[in-house]
Ligand SMILES: NC(=O)c1ccc[n+]([C@@H]2O[C@H](COP(=O)([O-])OP(=O)(O)OC[C@H]3O[C@@H](n4cnc5c(N)ncnc54)[C@H](OP(=O)(O)O)[C@@H]3O)[C@@H](O)[C@H]2O)c1
């Protein structure tokens, strides 16, 4: 009997990820907040605790296969299944660069964190999501990934998030019939360390569509790209 939903959120120690943890926990979901740095992650968990929101912390560096295996073993042992995976963690270290001058090392580092990492986390946790009656994978992408409106600037970030959208489409198709839905979401331009203080949206607004997708009942949509709870062009 699945009376409580179990969720893993990556990059949960700050920004949109921390707010996703807060909103999911507020809906009665058992949230495993993960962060690559144990001290930062535990501090974020303690801050939420002070506001009456309880989460479980587990270390996870999405670029580290051993770290992913450790998390999967923990979830298996504690809960025997997983209902929700939100791939939120990402880096953006190519501001001011262009397609003409971005160092390939920068692109490689961002592919590891923003594309290969989420794919490896999916690979590690899909066996546990298959044990859920209705598994949900939400990949936090970006409007900058949209091929329909592709433009210059932040080349590595755009490439890594466009490739993440491909991961969404591939897994959504492959997992049809498993009960697991897979979607991408653009959270909007959000006031975080990544988005900056002039961004249009609060973290509460940025977390809204990821949480909405993660908590869709029944079949729910799959293989889509969403912003503000509406489909957007790939
Ligand atoms: N903010 C925006 O305007 C905006 C717009 C579109 C899309 N997004 C997307 O929304 C998501 C959240 O962004 P944000 O604005 O909240 O960014 P943020 O404040 O910079 O937070 C990013 C999070 O990802 C974590 N992270 C980075 N690399 C990691 C790794 N290898 N393993 C585990 N965690 C890692 C960071 O951990 P540390 O604290 O250890 O660095 C941090 O917790 C990202 O996917 C981003 O691309 C944001």
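None of the figures in this text is laboratory data; all of them are computed from the coordinates on show. None of these values were measured; they are calculated from a predicted model. Heads up, the Cβs are rebuilt from the backbone with ideal geometry, glycines too, and the neighbour counts pull from every protein chain shown.
Counting only DSSP beta bridges whose two residues both lie in the chain, roughly 10 percent are antiparallel. If you run the Gaussian network model on the chain, springs between alpha carbon atoms under 10 Å, then out of 142, 134, 154 the most flexible one is 154. If r is the Cβ-Cβ distance from residue 69 to residue 104 and R0 is 35 Å, what FRET efficiency results, to the nearest 0.05? Using R0 = 35 Å, I get an efficiency of 0.75. Debye-formula intensities of the chain, expressed as log10 I(q)/I(0) at q = 0.11 Å⁻¹, are -0.50 (one equal scatterer per alpha-carbon, no solvent). The slack in the chain from residue 176 to residue 78, taken as 0.36 nm per residue of separation less the alpha-carbon distance, amounts to 32.6 nm. Think of it as helices only: each DSSP H run of n ≥ 4 in the chain is worth -39500 (n - 2.57), and spread over all residues that comes to -12500 deg cm²/dmol at 222 nm. Indicate the gyration tensor shape class of region 95-166 (rounded, prolate or oblate), computed on the Cα atoms with a ≥ b ≥ c the square roots of the eigenvalues: a/c under 1.5 is rounded; otherwise a/b larger than b/c is prolate and the rest oblate. Oblate.
Result for the chain in a Gaussian network model with C-alpha springs under 10 Å: among 164, 24, 175, the largest mean-square fluctuation is at 175. Report note on the peptides 77-83, 126-132: ranked by the mean count of other C-beta atoms within 10 Å, highest first, their order is 126-132, 77-83.
At an R0 of 41 angstrom, the distance between the Cβ atoms of residue 147 and residue 47 translates into a FRET efficiency of 0.60. Just checking the listed ones, 60, 48, 71: in the Gaussian network model of the chain with Cα springs under 10 Å, the one fluctuating most is 48.
For the chain, the longest principal axis of the alpha carbon atoms and the long axis of helix 155-174 meet at an angle near 40°.
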